[in-house]
Structures are given as structure tokens and as C-alpha cells.
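Data block below; observations after.
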Amino acid sequence: MPSLPERNVSRRTALARMALALAGAPVVLRGRYRVFSRSATEYSARCIKLMEESIVVDLLNQFRFQDFAEKPPRIDRWLKEPGSLTTADADVYRASKMTAVALGHSPADYDEAIRFFADWNGFLAGYSDWFTRIDDASDFARAKATNKLGVMITFQNSQHFRRPDDVNTFWGLGQRISQLTYNMNNGIGSGFLEQRDGGLSVFGQSIVARMNQVGMAVDASHCADQTTMDAIAASKRPVIFTHANCRALAPSLTRLKTDDAIRAMAKTGGVMGVTFIRFMVREEEPVTIEHVLDHVDHAAKLVGVEHVGVGSDLDMVGNANPIGGGMDPRTQPNFARYHYHEDSAGKITIAGLDHPKRMFDLTEGLIRRRYGDANIAGILGANAARVLTDIWRGEIVK
């Protein structure tokens, strides 16, 4: 069947035509369609329908990494210069068909975190026709219905919490998820690159308790093993791994989560976002989308598909790190634990999952793996939205 002429046909009309054409189709729907301008890639009608109808959530999306060939990088302009983000810029985000993304900054301290929220709250207010902040359960559906990209202003470190009351402050500013540690120690616990894993501290227990109380999600993605298990034991609300894969499939990669940790996370009612960085998927080359799907399969079989989501750890256009500058992550102590490796082109991203429409490619992969529509919709975002909705209600304090 030839591609639909995208330029003159709306997605709603295209879907209606597909529904007629596919009447009586087998389980895997027939037909492939080109739905994006300047791209020859075609997707199945079933994939397109799932993406159009599902809540799609990326639990760790860096939005736009700096490209230092740009003077200044465009993300710096967008956050500092009102009106600098154009319709064409915004269209990249909205055309991804993602409903919501969670940011991945790692603030050095309280003051930097305050500045980050000021910048992003200003950005979202300034471009409210295209973007919206995700604060509560209703915002996912609202973002989807209005064709806006929802943004969760979230952090990959919690060292901005100087005391438990700071959790309340940042909740008020809009923070709904906080990763307890990045790669090293902070006052809360140990990251996986730290020399020794000291587990969750007494101070960390107080921070987790306050996060539970206000309804902020506890994220243990980068935490070392004991700190991960301690955080799960301490939390009275679901614990999440916004971006992590399964160590059972790559035993030497200590950044990945053990089966015990995944089971414990799931027992709290949490969700794990599968990530798309090649050295967090497989210990050696080659690495393909099929290896990513292996992690989805493993987690789904281990704890149930309702505990699986997506946390790509890329920016929207598919970059894994800043370009041409910024902090080189390979300079971190004990970085060898990542078992860093690249493809023949020097990339750490994965072909097919390295562009703005990558959720379509993931959906096609899940179809190939014979997941049902309800389970695919869950992985794409419904599971994440459900768990976050539960957490954001907060703990009833007696």
C-alpha cells in the first residue's frame, strides 16, 4: 500500500482511513505509512494508532543538550532569551508524540537548583502554547488533549535538600521526582561509582520520609546496590528507577539493577524506565534495538509488564551528552564500572532509538515481540503515569 501524502492529510484523517482499510485485518495490522515530513521511514498502522492514542512518557529526557558549536547553545538561549524558541523548534518536540518528559539536571547545591526552577518555570510560562508543566494526575491527559509537551522539572541528584523542609520548598516550585544520589556520595547515600557503598544515611531516611509525606517520587536509578535496597525499605510509597536496565543481562554493568532490586522496587508498586544508552544495554558490541527489547522482556517476565516503562536518558533530538564541550562523564572516578563502549561511528546511542520519533520505533519493536496493545500502552507511558499519580497523592500523616 503506498504512503499517505502527509502534507495534505491530518493525522486524525489518516487514522480514520487506516481504520477503514484495516477492517478484518489479522492481529498484526497490515499496511505501513509515512507520517513524518523529511523522513522515508514508514510505520505500521497499529504503531501509529498506539502512539496517537497512548499517554507516552519518557522518565528521563534531557530535553536539549548543549551544542557548543552554537554560540551560545540554543538551550541556553531558550532559557535566557524570551522569544528565542521558534515554532520550528517546538514542532520537533510536539511531533515526537511524547506526552511528557522528565528532565535530568543534577544541581550542585540549593542555589543552583533554585535558579534551574526559575529558568524552567519561566520557560514553560513563556511558551505555554507548546509546553505545559506536569504537576498532578490530570496533567497527562490535558497535555495529550491539547497537543502540548508536558515537562516534569526533575533532578538526578538530591544534594539540594539541605534539610527535610527543603523538600516542601521544591515541591511547591514544581518538583515531583528526585533521584536520591547521582554517581557519588552525598549526604543521603551512595551512588554506584562511589568507592564504598555506605547505604542510606540517617539524614537520607529523613529525606525519604518527607518525600513520601509531600508526594515526591523517590528515584534510585544511580544509587549503589545497598543504597537502592535501603531506600526501597525506607519508603512507604512506590520507589521508581526512572532510567535503569537489568543486570541479569549484563552482569558486569553495576550501573544496572539486580533482579533482587527490581523485585523489591516492583513490590512497592514502582516502575522502571528502560534506557537507551548502548553501554547500559550490553557489555560489548554490537548493540541494537533488539537488545533493548530484551531488557523490556526480562523485566516484564520478572515482575510483570505493569512495572515497565521508558527512560531513554537522551535529549529529544537523540543526543546522549553535550556536544563539543561541557563535562566529560568519562573523567569521573571509577568510570570504568560503566564498561563504556561506542559503535563504529563513535556513538553511544542506538540506531533507531536516536531521533525524536524513537517511541514509534520502540512501539514497532514491542509489536514484533508480540505484546498486546494494552501492555504496549502501559510501557509507553500508562504505567509511569499510574505510578506517579499514586505517589503524588502523598502519604496520609496521622
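Among 51-59, 283-291, what's the highest-first ranking by average C-beta atoms within 10 angstrom per residue? It would help to have the intermediate numbers written out before the result.
Numbers: 51-59: 24.2, 283-291: 15.3.
Packing order, densest peptide first, comes out as 51-59, 283-291.
Applying the Karplus parametrisation 6.51 cos²θ - 1.76 cosθ + 1.60 with θ = phi - 60° to the phi angles of the stretch 179-190, what ³J(HN,Hα) value in whole Hz is obtained for each residue in order, glycine and proline being reported as x?
6, 5, 9, 8, 8, 10, 5, 10, x, 8, x, 10
Just to be sure I understand: if I project the alpha-carbon convex hull of the chain onto a plane and average over all orientations, what area do I get in nm²? Kindly include the intermediate steps, with their values, before the conclusion.
On the way: hull surface 76.9 nm².
The orientation-averaged projected area of the Cα hull of the chain comes to 19.2 nm².
So what J values fall out for the stretch 60-66 if you push phi through Karplus, 6.51 cos²θ - 1.76 cosθ + 1.60 with θ = phi - 60°, rounded to Hz, Gly and Pro as x?
Once θ is set to phi - 60°, the couplings for the stretch 60-66 become 8, 9, 7, 6, 7, 5, 5 Hz.
For q values of 0.10, 0.14, 0.20, 0.21 Å⁻¹, compute log₁₀ I(q)/I(0) with the Debye formula on a Cα-only model of the stretch 244-386, without solvent.
The computed values of log10 I(q)/I(0) come out as -0.33, -0.65, -1.29, -1.39.
Using only Cα atoms, what is the ratio of the radius of gyration of the stretch 144-296 to 2.2 N^0.38 Å?
Values: Rg = 15.7 Å, N = 153, 2.2 N^0.38 = 14.9 Å.
For the stretch 144-296, the normalised Cα radius of gyration is 1.05.
Please compute the modelled spin-label separation between residue 301 and residue 323, points set 7 Å along Cα→Cβ, answer in nm with one decimal.
Spacing of the two 7 Å Cα→Cβ label points: 3.9 nm.
Using a 10 Å cut-off on Cβ atoms, rank the peptides 361-374, 174-187 from the highest mean neighbour count down.
In decreasing order of mean packing, 361-374, 174-187 become 174-187, 361-374.
Please work out the average accessible area per residue across the chain, using the 1.4 Å probe convention, and give it in Å². Present the calculation step by step, with values, prior to reporting the outcome.
Numbers: 16400 Å² over 398 residues.
So the chain comes to 41 Å² accessible per residue, rounded to a whole number.
Kindly give the semi-axes, whole Å and largest first, of the ellipsoid equivalent to the stretch 28-127, taking each as the square root of 5 times a Cα gyration tensor eigenvalue.
Details: eigenvalues 208, 55, 28 Å².
Over the Cα atoms of the stretch 28-127, the semi-axes work out to 32, 17, 12 Å.
At 7 Å along Cα-to-Cβ for each site, give me the label-to-label distance between residue 92 and residue 344 in nm.
Label at residue 92, label at residue 344, 2.8 nm between them.
Please work out, to two decimal places, the log10 of the ratio I(q)/I(0) at q = 0.15, 0.29, 0.30 Å⁻¹ from a Debye calculation in which every Cα of the stretch 172-223 carries one identical scatterer.
-0.39, -1.10, -1.14
Can you run phi through the Karplus equation (6.51, -1.76, 1.60; θ = phi - 60°) for the stretch 159-176 and list ³J(HN,Hα) in whole Hz, with x for Gly and Pro?
Going residue by residue, I get 6, 7, 8, 7, 7, x, 4, 5, 4, 4, 4, 6, 4, x, 7, x, 6, 10 Hz, with x marking Gly and Pro.
Mind checking which of 131, 279, 203 has the largest fluctuation in a GNM of the chain, springs on alpha carbons under 10 Å?
203
Taking a cut-off of 17 Å, what percent of all Cα-Cα pairs in the stretch 308-365 are separated by more than that? Numbers along the way, then the final one.
Numbers: 818 of 1653 pairs.
Summing the P(r) tail past 17 Å for the stretch 308-365 gives 49 percent.
By how many nm would the segment from residue 112 to residue 368 grow when fully extended, if each residue of separation counts as 0.36 nm and the alpha-carbon distance is taken off? Intermediate values should be presented prior to the final figure.
Values: separation 256, 0.36 × 256 = 92.16 nm, distance 4.42 nm.
Between residue 112 and residue 368, full extension yields 87.7 nm more.
Summarise the accessible area of the chain (1.4 Å probe, protein heavy atoms) by the percent that is carbon and sulfur. All intermediate terms of the calculation are to be shown ahead of the outcome.
Numbers: 8410 of 16400 Å².
C and S fraction of accessible area: 51 percent.
Rounded to two decimals, what is Rg over Rh for the stretch 111-201 when you use alpha-carbon atoms and the Kirkwood radius? Intermediate values should be presented prior to the final figure.
Numbers: Rg = 15.6 Å, Rh = 14.6 Å.
So for the stretch 111-201, dividing Rg by the Kirkwood Rh gives 1.07.
The values are calculated or read from the model by the stated rules, or taken from the named source; none is laboratory data. Computed from a predicted model, the values in this text were never measured in an experiment. In this analysis, Cβ positions are derived from the backbone assuming ideal geometry, glycine residues included, and neighbour counts consider all displayed protein chains. Protein only, heavy atoms only, side chains kept; ligands, DNA and RNA dropped before computing areas. Shrake-Rupley method; radii C 1.70, N 1.55, O 1.52, S 1.80 Å.
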